[in-house]
Amino acid sequence: MKDSIKKGKVTMAVAISLACFALIAVMCMQFKIVNQTNITEIENMRETELRTELANWKQKYEETEKKYEETQNMLEEYKKTQESNEETEKIVDAELEQVNRTLGKTDVEGDPLQVVLKEAEDNEVGKIKADSLLIIVNALKAAGAEAI
């Protein structure tokens, strides 16, 4: 019986020793990796990402500020012409005409442009997708098309 207790203690001691050795080896590898890591490079990456994000927000702010100024200018123009109904009516009619033209409710004049889309023979690659149509419509709008 004493032999089995001694063997159990020895086995337990060996198991604990192996576990401690494994933990120490893992800790040494971790310390080595931490020492090799260039922290300033990681901080610079974060700084670059933050600068990019800041630039994006600044651009959005400038666009919003520009729209705000345009709206303020229109409001001031309305206030100036408020006394004269004829001038107000002309401004509103001009805006209404522009909106109707944008919506495609009025006839427009000019040289027509025809865009023909054909599916390719390969069914997988050649399918016309909504994204492709959206890109074409946005390109036409950016080019100054009054009616699409």
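Values in this text are rule-based calculations from the coordinates and carry no lab data. Please read all numbers here as calculations on a predicted model, not as lab measurements. Using ideal geometry, Cβ is built from the backbone for each residue, glycine included, and neighbour counts are taken over all protein chains shown.
Worth a mention:
- Translational diffusion coefficient (Stokes-Einstein; Kirkwood radius from C-alpha pairs) of the stretch 1-42 at 25 °C, 0.890 mPa s, in µm²/s: 190
- Gain in span if fully extended, Leu113 to Asp131, counting 0.36 nm per residue against the direct Cα distance: 4.4 nm
- Assuming charge only on the beta carbon of Lys and Arg (+1) and of Asp and Glu (-1), the dipole of the chain about its Cα centre is about 2400 debye to the nearest 20.
- Option label - mean projected area of the Cα convex hull in nm² computed here, alternatives (1) 22.3; (2) 24.9; (3) 23.3: (2)
- Structure note, pairs Lys58/Lys141; Lys67/Lys90; Lys60/Lys127; Lys7/Lys32: Cα-Cα distances above 31 angstrom occur for Lys60/Lys127; Lys7/Lys32.
- Full extension of the chain between Asn44 and Ala13 gives 6.3 nm of extra length, using 0.36 nm per residue less the Cα-Cα distance.
- 222 nm mean residue ellipticity, helices alone, for the chain (DSSP H n ≥ 4; -39,500 (n - 2.57); rounded to 500): -26500 deg cm²/dmol
- Here's the list of aspartates and glutamates a cross-link from Lys79 could span, going by alpha-carbon distance under 12 Å and ignoring same-chain residues fewer than 8 apart: Glu87.
- Helices that extend 15 Å or more along their long axis by alpha-carbon positions and average at least 1.0 on the Kyte-Doolittle scale are, among the DSSP H runs of the chain, 130-142.
- Charge dipole (the chain, unit charges on Cβ, about Cα centre) - positive-most of Val137, Cys20, Val92: Cys20
- Among Lys127, Lys67, Lys58, residue whose mean-square fluctuation peaks in a GNM of the chain (springs only between Cα atoms under 10 Å): Lys127
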